[in-house]
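Novice: After the structure tokens below, expect a handful of questions from me.
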Amino acid sequence: MSEPVCQCGDVPFRVGRTWNPERIRGDFPVLNQTVRGRPLVYLDNAATSQKPSAVIQAVCAYYGTCNANVHRAFHYLAAEATRRYEEVRRAATTFLGAASPREIVFTRGTTEAINLVAAGWARRHLRPGEAIVVTEMEHHSNLVPWQLAAAATGARLRFVPVTSRGELDLEALDRHLADGAARVVAVTHASNVLGTVNPVAEIARRAHAAGAVCVVDGAQSAPHLPVSVQEIGCDFYACSGHKMYGPTGVGILYGRSALLEETDPLLGGGEMIERVELEYSTWAEIPHRFEAGTPNISAVIGLGTALDYLESLGRPAIAECEGRLTRYALDLLRATPGLRVFGDAPERVGVISFEVEGVHPHDLAQFLDTEGIATRAGHLCCQPLMRRLGVPAVSRASLALYNLPEEMNRLVDAIGRAREYFRRGA
Amino acid sequence: MELDDLYQEVLLDHYRHPRGAAPVSDRELVMEEVNPACGDHLRLAFELRDGHVVQVRHESRGCAISIASASIMAAFVEGRTPAEIRAAADGVIAMMRGESDLPADGPEDLAALAGVRQFPMRIKCATMCWHAMKAALDRQDA
Ligand SMILES: Cc1ncc(COP(=O)(O)O)c(C=O)c1O
């Protein structure tokens, strides 16, 4: 095997024996195309990542070789489909550092996972006058479910503010926890706007000390950082397959088994029951209790391959390589005239939001698209955070393990041209 | 699909030097419109004098297209009657949706927005101010 190096700017570095950017890019067929006459630069990974061939093939192979419903029939195909499906549950257990596969629930994604906790656990346990603590930097999917739970139970929401560096104000968290009314602390592991990685282990510790459960939105951390829910010590952790190189339509909810035991299912139907009488039913064991109906079997199997893919590259290596690329991108962007990066947290992932003087984010995204560069613009499903930042919208470039320093160069060059372009008529 | 079709010189000129742009106080405010999907924000003020819309001002936050469109609108509506403005608004909205051609006696510089029709995601940016204007006139009637 040749010596693997990952080039970041002028500095070659080594992160592991198998890290090879060119080979990694070769794993992702979608990257091998030109868009508007230029090689595609895909920087919208926080919205959804691209999929390696192995994942695409795993989905096809399931349909091509062992398509059958899971957990139902006694025939060969059903047994094979069920075996593969449950194998992914075991892989996810390892991937997230959970104690047992019983703690892994397959959902449609992060949004459904958080809704399951808010509707299934919180509604059952919250009482009027109690509190749910969330933060100002949450994605709408870790805010709106809590608004619904609060409205249904009479609990109140409390908000942890974001500092000017883009970090959580932990003293405010302590104030919200001081009176012992909080039953839930819901926080994102990594911000999908600022990139900030929050100290979730510390937050979980403080939540527990105050008698609250800690719910972590891992949509932006699971793809990029080694994650162990037991090390974090959180009670629930949610993530989406499609953001970590897997198919759409599948996500994972980790829940500590004692808490899942006291969570109501959202959906009733096949698969989630034990005994059904006409008037009532008893429920299946966790986690099957939460997987009513035929699940997205092909997506779960594809997700399993995505987890294998991440483990084969090595998650510490991914974090390190993406970290270097992120620092390279930040240095370039911060040195770009008229550009301001939002957030300056030292602990971060490669999600970078910024504004460019004189160019509205939508106009910038449109301009970059004409150069084959895919970015995101808007409120990024974080309207409260936009108000905190004092802007209606931002531009965002979000990185993944297949991005290259050259692509960062192309981004900043194009931003320079966009400024010139929109200066016409000035 | 060319970027220059979308961002024509005339459009960028309106963006850089929007006609009728001025701060609108809460007291003067006639209509406020927000597009939560993209954060575009328009505050509109005018007076009705002898059956004519005058003293049109708008405070706009948004992309080049939304600001240019508000500018083109402000220049057009000044001194016109609500009936004329409603007809023009319908004409602009229909044109942006691709349901009709550029109206012959429509607002000056409206042609600068014609390219937006090739970019479906951006059509709302151009029509928001006209919807706000119509709603404002309806409110004045009521
Ligand atoms: C931080 C965060 N939470 C939750 C979500 C929702 O994920 P999904 O749409 O896959 O349910 C996202 C994705 O946009 C996100 O970035």
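The values are calculated or read from the model by the stated rules, or taken from the named source; none is laboratory data. This is a predicted model, so every value here is computed, not measured. Cβ sites come from the backbone with ideal geometry, for glycine too, and all protein chains shown count toward neighbours. Note: areas computed on protein heavy atoms with side chains; ligands, DNA, RNA excluded. Shrake-Rupley method; radii C 1.70, N 1.55, O 1.52, S 1.80 Å.
Novice: Looking for something in contact with a Lys or Arg (Cβ under 7 Å, 6 or more places away or on another chain) and surrounded by fewer than 24 Cβ atoms within 10 Å (Cβ to Cβ) - is there at least one such residue anywhere in segment A:397-414?
Specialist: The answer is yes, given that some residue of segment A:397-414 is in contact with a Lys or Arg (Cβ under 7 Å, 6 or more places away or on another chain) and surrounded by fewer than 24 Cβ atoms within 10 Å (Cβ to Cβ).
Novice: Name the residues in segment A:222-264 that are more than 10 Å from the ligand (Cβ to nearest atom), open to solvent by 30 Å² or more (accessible area, probe 1.4 Å) and not in a loop (DSSP other than H, G, I, E, B), would you?
Specialist: Within segment A:222-264, A:230, A:231, A:257, A:258, A:261 qualify.
Novice: Do we have residue B:138 as free of Cβ contacts under 8 Å to residues at least 24 places away in the same chain, charged (D, E, K, R) and either surrounded by 15 or more Cβ atoms within 10 Å (Cβ to Cβ) or more than 30 Å from residue A:355 (Cβ to Cβ) (or both) here?
Specialist: Details: free of Cβ contacts under 8 Å to residues at least 24 places away in the same chain: yes; charged (D, E, K, R): yes; either surrounded by 15 or more Cβ atoms within 10 Å (Cβ to Cβ) or more than 30 Å from residue A:355 (Cβ to Cβ) (or both): yes.
The answer is yes for residue B:138.
Novice: Out of A:271, A:277, which single residue is of a type in the set (D, E, K, R), more than 13 Å from the ligand (Cβ to nearest atom) and in contact (Cβ under 8 Å) with a residue 40 or more places away in the chain? Talk me through it step by step, then tell me what you get.
Specialist: Numbers: A:277 fails: in contact (Cβ under 8 Å) with a residue 40 or more places away in the chain.
The unique qualifying residue is A:271.
Novice: Can you pull out every residue in segment A:34-73 that is outside the structural domain of residue A:303 (by TED's automatic domain parsing), at pLDDT below 95 and polar (S, T, N, Q)?
Specialist: none
Novice: Within segment A:138-149, take every residue that is in contact (Cβ under 8 Å) with a residue 24 or more places away in the chain and of a type in the set (A, V, I, L, M) and give me the one that is farthest from residue A:382 (Cα to Cα).
Specialist: Applying the first criterion (in contact (Cβ under 8 Å) with a residue 24 or more places away in the chain) to segment A:138-149 yields A:138-143, A:145-146, A:148-149.
From what is left, the residues that are of a type in the set (A, V, I, L, M) are A:143, A:148-149.
Values: A:143: 9, A:148: 17, A:149: 19 Å.
Result: A:149.
Novice: Which of the residues belonging to segment A:386-409 are modelled with pLDDT of 95 or more and within 14 Å of another protein chain (Cβ to nearest Cβ)? Walk me through how you get there before you give the answer.
Specialist: As a first pass, look at segment A:386-409 and keep what is modelled with pLDDT of 95 or more: A:394-409.
A:394, A:395, A:396 - these are the residues of segment A:386-409 that are modelled with pLDDT of 95 or more and within 14 Å of another protein chain (Cβ to nearest Cβ).
Novice: So residue A:297 ticks every box in (1) away from the ligand (no atom under 16 Å from the Cβ); (2) surrounded by fewer than 23 Cβ atoms within 10 Å (Cβ to Cβ) but one. Which box is left unticked?
Specialist: Residue A:297 satisfies every listed condition except (2).
Novice: Among the residues of segment A:153-183, which ones are closer than 17 Å to residue A:193 by Cα, touching a strand residue (DSSP E or B) at 6+ places or on another chain (Cβ under 9 Å) and of a type outside the set (D, E, K, R)?
Specialist: Hits for segment A:153-183 are A:160, A:161, A:162, A:166, A:168.
Novice: Hey, does segment B:42-64 have a residue that's within 13 Å of chain A (Cβ to nearest Cβ) and part of a helix (DSSP H, G or I)?
Specialist: yes
Novice: Test residue A:197 against the criterion of being within 30 Å of residue A:161 (Cβ to Cβ), open to solvent by 10 Å² or more (accessible area, probe 1.4 Å) and in contact (Cβ under 8 Å) with a residue 24 or more places away in the chain, and give yes or no. Outline the logic, then answer.
Specialist: Numbers: within 30 Å of residue A:161 (Cβ to Cβ): yes; open to solvent by 10 Å² or more (accessible area, probe 1.4 Å): yes; in contact (Cβ under 8 Å) with a residue 24 or more places away in the chain: yes.
So residue A:197 fits the description; yes.
Novice: Find the strands (runs of 3 or more DSSP E) located wholly in segment A:312-411 whose residues include 2 or more that are outside the structural domain of residue A:167 (by TED's automatic domain parsing), without any contact (Cβ under 8 Å) to a residue 60 or more places away in the chain and small (Gly, Ala, Ser), and list them. Give the derivation first.
Specialist: Details: elements: A:339-341, A:351-356, A:376-378, A:394-398.
By residue number, A:376-378.
Novice: To continue, here is another question. Sort through A:416, A:343, A:378, A:358 and tell me the only one that's out of contact with any Asp or Glu (no Cβ under 7 Å at 6 or more places or on another chain), away from chain B (no Cβ under 12 Å) and on the phi > 0 side of the Ramachandran plot. Can you show your working first?
Specialist: Values: A:416 fails: on the phi > 0 side of the Ramachandran plot; A:378 fails: away from chain B (no Cβ under 12 Å); A:358 fails: away from chain B (no Cβ under 12 Å).
One residue alone meets the criteria, A:343.
Novice: Could you check, for segment A:44-54, whether at least one of its residues is away from the ligand (no atom under 16 Å from the Cβ), open to solvent by 30 Å² or more (accessible area, probe 1.4 Å) and under 30 Å from residue A:284 (Cβ atoms)?
Specialist: Initial filter on segment A:44-54 (away from the ligand (no atom under 16 Å from the Cβ)): A:52-54.
With open to solvent by 30 Å² or more (accessible area, probe 1.4 Å) added as a condition, the list becomes A:53-54.
Checking which are under 30 Å from residue A:284 (Cβ atoms) leaves us with none.
Among the residues of segment A:44-54, not one is away from the ligand (no atom under 16 Å from the Cβ), open to solvent by 30 Å² or more (accessible area, probe 1.4 Å) and under 30 Å from residue A:284 (Cβ atoms), which makes the answer no.
Novice: State which residue is most open to solvent (accessible area, probe 1.4 Å) when the search covers only segment A:75-109 and only residues that are of a type in the set (Lys, Arg) and closer than 16 Å to residue A:305 by Cβ. Please lay out each step first, then the result.
Specialist: So the first thing to find is which residues in segment A:75-109 are of a type in the set (Lys, Arg), and the list is A:83-84, A:89-90, A:102, A:108.
Checking the rest, the ones that are also closer than 16 Å to residue A:305 by Cβ come to A:83-84, A:89-90.
Values: A:83: 108, A:84: 66, A:89: 4, A:90: 125 Å².
Per the criteria, the residue is A:90.
Novice: Within segment A:146-183, track down each residue that is open to solvent by less than 10 Å² (accessible area, probe 1.4 Å), within 16 Å of the ligand (Cβ to nearest atom) and within 18 Å of residue A:113 (Cβ to Cβ).
Specialist: Within segment A:146-183, just A:146 meets the criteria.
Novice: Let me ask you something else. Just name the residue that is farthest from the other protein chains (Cβ to nearest Cβ) out of those in segment B:1-41 that are open to solvent by less than 30 Å² (accessible area, probe 1.4 Å) and in a strand (DSSP E or B).
Specialist: The residue in question is B:31.
Novice: If the requirement is being surrounded by 22 or more Cβ atoms within 10 Å (Cβ to Cβ), out of contact with any strand residue (DSSP E or B) (no Cβ under 6 Å at 6 or more places or on another chain), β-branched (Val, Ile, Thr) and modelled with pLDDT under 95, which of these qualifies: B:92, B:116? Quick ask: steps written out before the conclusion?
Specialist: Details: B:92 fails: modelled with pLDDT under 95.
That would be B:116, the only listed residue that is surrounded by 22 or more Cβ atoms within 10 Å (Cβ to Cβ), out of contact with any strand residue (DSSP E or B) (no Cβ under 6 Å at 6 or more places or on another chain), β-branched (Val, Ile, Thr) and modelled with pLDDT under 95.
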